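Student: Supplied in structure tokens, the structure appears directly below.
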Amino acid sequence: METTAEEIMSTELTTLCEDATLEDVLKTLSLKRISGVLVVDGDGKLIGVCSEYDVLLHIRKHPTLHAALFQERITFSRHPQVLRTTSPLREILESFVERKFRRLPVVDENGVLVGIVTRRDLMRVYYYRAKLS
């Protein structure tokens, strides 16, 4: 039986709502020591991902930093590629390699966010497989 996203995903998720400010995102990324945060709607459905890159793009639009900037709603990548809980390991690996993603959200059949698979999760799977060989 092939390993699936559901078996390797992390379920302790850090999320923000779509009206999060730049300050909210900076605080979350800094304190949690993560490079991206998942954006969900009121029903827990994934609507996007806000990465460090998105933050830098947002800041670059403003030639001078001012207090109001940090209260602006952040722009983020909408309609991210996702994995299903049943996505097989080979498909997950291909998604990471082909698109150079750092993380892929996992959603259930209703589009509700249930987990995330990161590059580190994949490294862990292959490390333990190597150890068992």
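A short reminder: the numbers here are calculations on the coordinates, not readings from a lab. Quantities reported herein were computed from a predicted structural model and do not represent experimental measurements. Here the Cβ positions follow ideal geometry from the backbone for every residue, glycine too, while neighbour counts run over all protein chains shown.
Student: What list of ³J(HN,Hα) couplings, whole Hz, do you get for segment 12-19 from phi and the Karplus terms 6.51, -1.76, 1.60, once you set θ to phi - 60° and write x for glycine and proline?
Tutor: With the stated coefficients, segment 12-19 comes to 7, 10, 9, 10, 9, 8, 5, 9 Hz.
Student: If amide H atoms are built 1.01 Å from N in the plane of the peptide, which residues on other chains or at least 5 residues away come under 5 Å of the amide H of residue 18?
Tutor: Under 5 Å from the amide H of residue 18 lie the amide H atoms of 40, each far enough along the sequence or on another chain.
Student: Same structure again: Which residues does the label zone of residue 59 cover in segment 11-25, counting backbone N under 20 Å from a point 7 Å along Cα→Cβ?
Tutor: Answer for segment 11-25: 16, 20-25.
Student: Work out, step by step, the length gained on full extension between residue 71 and residue 98: first 0.36 nm times the residue separation, then minus their alpha carbon distance; give nm to one decimal.
Tutor: On the way: separation 27, 0.36 × 27 = 9.72 nm, distance 3.54 nm.
Taking residue 71 through residue 98 to full extension adds about 6.2 nm, to one decimal.
Student: In addition: Restricting to bridges with both residues inside the chain, how much of the DSSP beta-bridge set is antiparallel, in percent to the nearest 5? Working shown, then result.
Tutor: Numbers: 16 of 21 bridges.
If we restrict to bridges inside the chain, about 75 percent are antiparallel.
Student: Let me check I've understood the local charge: for residue 10, count other residues with C-beta under 11 angstrom from its C-beta, Lys and Arg +1, Asp and Glu -1. What total comes out? Walk me through the numbers before you get to the answer.
Tutor: Working: positive: 103, 120, 124; negative: 12, 121.
Surrounding charge for residue 10 is +1.
Student: Give me the angle, in degrees from 0 to 90, between the Cα long axis of helix 119-132 and the longest principal axis of the Cα atoms of the chain, rounded to the nearest 10.
Tutor: Computed tilt is about 20 degrees.
Student: With label points built 7 Å along Cα→Cβ from the Cα atoms of residue 112 and residue 124, find their separation and express it in nm.
Tutor: Between residue 112 and residue 124, the simple spin-label model gives 2.3 nm.
Student: Segment 66-133 to segment 14-37: how many Å between their Cα centroids?
Tutor: Segment 66-133 and segment 14-37 have Cα centres separated by 16 Å.
Student: Whose amide H sits under 5 Å from the amide H of residue 114, counting only residues 5 or more places off or on another chain, with H placed in the peptide plane?
Tutor: Residues meeting the criterion, in which the H sits 1.01 Å from N, are 106, 107, 108.
Student: If you average 1/r across every pair of different Cα atoms in segment 5-132 and take the reciprocal, what Kirkwood value do you get, in Å?
Tutor: 15.5
Student: Here's something else I'd like to know. Tally Lys/Arg at +1 and Asp/Glu at -1 over every other residue whose Cβ is under 12 Å from the Cβ of residue 42; what's the total?
Tutor: Numbers: positive: 45; negative: 18, 19, 41, 43.
Neighbour charge sum, excluding residue 42 itself: -3.
Student: Next question, about the same structure. Counting Lys and Arg as +1 and Asp and Glu as -1, each charge on the Cβ, what is the dipole of segment 5-132 about the Cα centre in debye, to the nearest 20?
Tutor: Details: 19 positive and 18 negative charges, 143 e Å.
So the dipole magnitude of segment 5-132 works out to roughly 680 debye.
Student: In addition: Using only DSSP helix segments of four residues or longer, with each worth -39500 (n - 2.57), what per-residue ellipticity at 222 nm results for the chain after dividing by its residue count and rounding to 500?
Tutor: -10500 deg cm²/dmol
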